[in-house]
Amino acid sequence: MSVNITIDHARKCYDDNVIISDLSLKIREGEFFTLLGPSGCGKTTLLRMIAGFNSIEGGDFYFNDTCINDIAPNRRHIGMVFQNYAIFPHLSVKNNVMFGLKNQDTRLKKAEMIQKAERFMRLMHIEEYADRKPEALSGGQQQRVALARALVIEPDVLLMDEPLSNLDAKLRVEMRETIREIQRSVGITTVYVTHDQEEAMAVSDRIAVMNLGQIQQVGTPQAIYQRPANLFVASFIGRTNILKGRIRLRGGEPLLDISGETALPVGATLRPDAAREQSVVVSVRPEEFYITQGVGIPATVNSRTFLGLNMQYFLTLDTGEQVQVIQEAELDAFLEEGARVNLGVKLGKINVFSEDGAQSLMTGVVNDAL
């Protein structure tokens, strides 16, 4: 059985050091939910509170309608996959997978345990290694063993703490696809912790971006990338250019100036209450700029990097601000160092924030933590 998870005003501290002050969140039944943020933001701490490995200084945690605060970790019916795999070196692959079944309060006979273990080894494509010891396996194979062991007990919730961080780049991509495929086929509620933005975007149904023990925004990968709730989210999720801007009114219509140039009509995307004269911060992702022969923001090309399908340019605006621009790579049409260009912006895609960066001034911002 899969469950939904509700976290109501959670608090975690170590002596006087407050890690999580007041955090509320709802994770839907059967979804792949990722806690994403920089090191020290509290994401692993929160995961361990769900697991029962950390004490709870305030608030309540629920699986469906059952409060789990005082339920022992081994009674929460969770599967856990750790960063370092935590598989037993002296046991074979099969016995590692069976370990969880042996430690459950179960009446399964040994033959039934073997049958279940073999089923999940097949699911993970490690059945041919059943009699090997972990030392004879690659990192990706060991991670598959850990995942099979976590799932063989058919838990209500699967918790994963930075499970791919010890793998090389190519294997990480392969394993994240495997994990996502398995999660979909099993349909289990999964809470996944990572600091890797690309990884989170690739596997998640929804993401909670965390910083300093607080949730900054919850939404689908697309919603968070396209309409970040604040400057931290915009800067943490993918690459972006952060520029100074100003909103001014002309005939009642709000116009956006970026770096002293370009009166952009932003009334269609700006919140009505933000349509007033004010200084702002503007986030323009590299692909949201385009090089134009018409009116735009003047800039000078510093250097370029060929990325295959795209060319990445590094430019300096006349204000001295540095920006990155990604354009489709065209044969024999590359801009040379020192070239003068004008930059246009894709108006419907840029994001505008209050001067302190604390809140988005755009319509369509999603934050469905509660």
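None of the figures in this text is laboratory data; all of them are computed from the coordinates on show. Not measured: the values here are computed from a predicted model. Counting neighbours? That spans all protein chains shown, and the Cβs are built from the backbone with ideal geometry, glycine included.
Kindly rank 139-150, 285-296, 214-225 from highest to lowest mean number of other beta carbons found within 10 Å of each residue.
139-150, 214-225, 285-296
How many nm is it between the label spots at residue 242 and residue 130, if each spot is 7 Å from the Cα in line with the beta carbon?
For the pair residue 242/residue 130, the computed spacing is 5.5 nm.
If a/c stays under 1.5 just call it rounded; otherwise compare a/b with b/c (prolate if a/b is bigger, oblate if not). Do that for the stretch 89-145, with a ≥ b ≥ c from the square roots of the Cα gyration tensor eigenvalues.
prolate
For the chain, what is the mean residue ellipticity at 222 nm derived from helices alone (per DSSP H run of n ≥ 4: -39500 (n - 2.57); sum divided by total residues; nearest 500 deg cm²/dmol)?
Rounded to the nearest 500, the figure is -6500 deg cm²/dmol.
At what distance in angstrom do the alpha carbon centres of the stretch 118-173 and the stretch 310-370 lie from each other?
Distance between centres, Cα-based: 40 Å.
Which values, in whole Å and largest first, are the semi-axes of the equivalent ellipsoid of the stretch 196-256 obtained as the square root of 5 times each eigenvalue of the Cα gyration tensor?
The equivalent ellipsoid of the stretch 196-256 has semi-axes of 28, 12, 11 Å.
Taking the mean number of other Cβ atoms within 10 Å as a proxy for protection, how do you rank 57-64, 42-49, 304-311 from highest to lowest?
Going from most to least packed, we get 42-49, 57-64, 304-311.
Would you mind calculating the relative contact order of the stretch 216-370 from Cα pairs under 8 angstrom and at least 6 residues apart, reporting the percent as a whole number?
This gives 30 percent for the stretch 216-370.
Mind giving me the nanometre distance, one decimal, between the label points for residue 314 and residue 169, set 7 Å out from Cα along Cα→Cβ?
With each label placed 7 Å out from Cα toward Cβ, I get 1.7 nm.
Let me know the number of lysine pairs in the stretch 8-141 closer than 23 Å at the Cα, not counting same-chain pairs under 8 apart.
Total qualifying Lys-Lys pairs in the stretch 8-141 comes to 13.
Peptides 335-342, 126-133, 95-102: what's the order by average Cβ count within 10 Å, highest mean first?
Ranked by mean Cβ neighbours within 10 Å, highest first: 95-102, 126-133, 335-342.
What is the antiparallel percent of DSSP beta bridges lying wholly in the chain, to the nearest 5?
Of all bridge pairs located within the chain, approximately 80 percent are antiparallel.
Which ³J(HN,Hα) values, rounded to whole Hz and listed in residue order, are derived for the stretch 228-237 from phi using the Karplus coefficients 6.51, -1.76 and 1.60 in 6.51 cos²θ - 1.76 cosθ + 1.60 with θ = phi - 60°, glycine and proline given as x?
The phi angles translate into x, 6, 7, 5, 4, 5, 4, 7, 7, 8 Hz.
With the radius of gyration and the Kirkwood radius both derived from the Cα set of the stretch 119-237, what is their ratio Rg to Rh?
Rounded to two decimals, Rg/Rh equals 1.02.
May I ask for the percentage of alpha-carbon pairs in the chain that lie more than 26 Å from each other?
Beyond 26 Å sits 59 percent of the P(r) for the chain.
How big is the equivalent ellipsoid of the stretch 23-176 along its three axes, where each semi-axis is √(5λ) from the Cα gyration tensor, reported in whole Å from largest to smallest?
Value: 27, 21, 13 Å, ordered largest first.
Over the stretch 1-69, what relative contact order in percent results from Cα pairs under 8 Å that are six or more residues apart?
Taking the mean separation of contacting Cα pairs over the length of the stretch 1-69, I get 40 percent.
So what are the radius of gyration and Dmax for the Cα set of the stretch 261-303, in Å?
13.3, 40
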